[in-house]
Amino acid sequence: MKKIFLTLFFFFLIVLTNVKSVKAENVDIYLFYGNGCPHCKSEKEYLNEIKNKYDITIHEYETWYDSDNEKLMTRVKNALGIENPYVPFTVIGDIGITGFNDNTKSDIEYKIKNYNNSENIVEKVLANPEEYDTLKNKVIEDNNVTNENKDTNEEIKDIPLLGKVNVKKVSLPLIAASIGLVDGFNPCAMWILLFLISLLIGSNDRKRMWILGLSFLISSALVYALFMVAWLPVARLATSVGLIRIIIALFALIAGIVNIIGYFKKEDGCEIVSDNKRKKIFSKIKKFTKEKHLLIAVIGMVILAFTVNVVELACSAGLPLLFTQVLAMNNLYTSEYILYISIYILFFLLDDLIIFFIAMITLKATGISAKYSKFSHLIGGIILFLIGILLIFKPEILMLGF
Amino acid sequence: MEMIIISAVWCPDCLIMKKEIKKIKEKYPNINYIEYDYDMDEDKIKKYNVSNTLPLIIIEKNNEEIFRCSGAKKEKELINIIESIGL
């Protein structure tokens with residue numbers, strides 16, 4: 001009898017325990033999002049839809065305009081071993097899901113159904129925030145998230161002639177290359193390169209010609225890159241502070257209109273740079289190219305490239321600034337910023353490199369017609385104007401689905 | 001009859017037009033071609049009152065200017081100019 005009683009007691013105990021565990025419990029869902037991010041908007045709508053289906057509490061944290069929330073998201077990602085800055089980022093118990101698409105939906109619902117009193121990682125981080133200032137045990141995939149989530153934000157689009165194209169992977173490099181190319185035709189510093197080439201061709205030392213010419217071009221590229229990198233913090237600030245974004249947008253609109261007017265007003269041919277400025281630069285180029293010691297000549301070329309390009313930046317700052325703005329709005333890794341700025345610079349320098357290589361190989365100076373540079377004013381102006389409009393009215397379009 | 005061409009080594013359009021002028025020289029050898037460099041021949045070009053665009057082409061007949069244009073011109077355009085003036 002005692003045995004039967006004990007068996008029944010344990011049977012009910014097990015049943016009761018199990019009943020407790022299968023009983024639906026309230027699940028906390030933490031959503032880190034950015035205001036204006038299209039994927040975040042879709043996830044918010046989806047979570048609101050499933051609110052009636054499951055017993056869930058949604059905690060929303062805006063991270064683009066709220067630095068405290070951004071810090072919290074970074075700490076939570078650190079705790080989960082996730083090293084990326086992307087939103088939307090969803091946390092349910094002890095798992096983190098980056099991005100949002102159909103696969104994410106099934107992951108979220110699977111986790112809600114199988115919550116089982118999971119450890120609440122956000123609460124854990126909130127209790128001891130400083131402990132998660134650095135990344136813990138980096139993971140390749142998000143915890144318990146299926147492989148499909150690796151490409152959560154990627155959008156595959158069918159483009160005629162090209163077939164299926166991953167918008168995320170091609171859009172930024174493509175934008176970098178095309179804006180860089182348009183910017184490269186800007187004639188602001190071209191006249192200096194041509195004058196340098198004319199002097200280099202005059203010397204008989206080919207090796208010296210290549211070294212001095214490339215020193216000038218590489219240093220010019222470096223100035224441009226440094227300028228864009230220096231602008232990044234301002235551009236990032238502009239994405240979170242609406243007023244700064246509007247100021248930059250207005251600047252883009254004005255620069256765009258000036259460029260478009262310039263296309264219609266500018267005469268065909270090469271504009272003569274003021275005598276004073278031209279003569280000063282020419283005397284410096286002459287001095288450095290004639291310098292007997294190669295090292296001093298190279299240093300001279302680097303200094304010349306820096307001074308000349310810093311001055312000429314005022315003439316062509318619009319497109320690199322706006323491109324940096326687009327990069328900043330896409331919340332990238334540092335390595336990605338460097339990659340896209342490098343692509344921009346490479347295409348920016350492409351016409352200069354072609355002209356320099358042809359001149360060094362054929363020993364004849366050649367040029368790209370001023371008609372093309374005039375046309376670059378029009379295209380550049382239109383790009384500036386459009387980015388300005390988008391910055392004001394539809395900034396999420398510039399986020400390219402990241 | 002003279003064709004005065006003012007160009008500069010730093011002007012891409014001047015470099016492009018050099019090839020066109022070469023063809024014109026072969027086609028119209030009777031024209032006296034005078035070429036100036038904007039930086040090297042500063043004193044000589046003062047009298048032509050160069051505006052702010054290069055290359056500059058000036059055609060003179062009996063030391064009197066009868067035609068002026070700036071910007072790169074193709075061979076065909078230059079032929080049209082020469083034929084219309086009747087050089």
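The values are calculated or read from the model by the stated rules, or taken from the named source; none is laboratory data. Since we're looking at a predicted model, the values are computed, not measured. Here the Cβ is made from the backbone with ideal geometry for all residues, glycine too, and neighbour counts use every protein chain on show. In case anyone asks, the SASA skips ligands and DNA or RNA and just uses the protein heavy atoms, side chains included. Shrake-Rupley method; radii C 1.70, N 1.55, O 1.52, S 1.80 Å.
Miscellaneous remarks
- Averaged over A:193-203, number of beta-carbon atoms from partner chains that fall within 10 Å: 2
- Inter-part distance where region A:283-345 and region B:51-77 are each reduced to a Cα centre, Å: 37 Å
- Among A:172-180, A:257-265, the order from most to least packed when residues are scored by Cβ within 10 Å on average: A:172-180, A:257-265
- Placed amide H near residue A:29: partners under 5 Å, 5+ positions off or other chain: A:57, A:58, A:59
- Residue B:78 sits among other residues whose Cβ lies under 13 Å from its own Cβ, and their net charge, with Lys and Arg +1 and Asp and Glu -1, is +4.
- Euclidean distance between Cα centres, region A:41-69 to region B:5-46, Å: 70 Å
- Pairs of Cα atoms in the protein assembly as shown fall into 10 Å distance bins, from 0 up to the last occupied one, in shares of 4, 15, 20, 18, 14, 11, 7, 5, 3, 1, 1, 0, 0, 0 percent.
- Under the combined filter of DSSP loop state and at most 14 neighbouring Cβ atoms within 10 Å, region A:57-122 retains these GluC sites (Glu not before Pro): A:83, A:119.
- In this structure, the amide hydrogen of residue A:64, modeled 1.01 Å from its nitrogen in the peptide plane, lies closer than 5 angstrom to those of A:35, counting only residues at least 5 positions away or on a different chain.
- 10 Å binning of all Cα-Cα separations within region A:249-311, expressed as whole percents from 0 upward: 18, 29, 28, 19, 7
- Across region A:309-317, computed HN-Hα scalar couplings (Karplus, 6.51 cos²θ - 1.76 cosθ + 1.60, θ = phi - 60°) run 6, 5, 5, 6, 4, 4, 7, 9, 7 Hz from first to last residue, x flagging Gly and Pro.
- Cβ charges +1 (Lys, Arg) and -1 (Asp, Glu), total dipole of the protein assembly as shown, debye: 1080 debye
- Note on region A:167-293: lysine pairs with Cα distance below 24 Å, sequence gap of 8 or more or different chains, count 17.
- For residue A:197, solvent-accessible area (1.4 Å; no DNA, RNA or ligand), Å²: 0 Å²
- Near residue A:328: Cβ cut-off under 13 Å, other residues only, Lys/Arg at +1 and Asp/Glu at -1. The net charge is +1.
- Simple Cβ-charge dipole of chain B, Lys/Arg +1 and Asp/Glu -1, about Cα centre, in debye nearest 20: 320 debye
- Value in Å of the Kirkwood radius, where chain B supplies the Cα pairs that are averaged: 13.0 Å
- DSSP assigns beta bridges within region B:2-85; of those with both partners inside it, close to 65 percent run antiparallel.
- Between residue B:61 and residue A:127, the simple label model (points 7 Å from Cα in the Cβ direction) yields a spacing of 10.0 nm.
- Of the peptides A:344-352, A:230-238, the ranking by mean beta-carbon count within 10 Å, highest at the top, reads A:344-352, A:230-238.
- Applying the criteria of a DSSP loop state and at most 15 other Cβ atoms within 10 Å to the GluC sites (Glu not before Pro) of region A:264-364 yields A:267.
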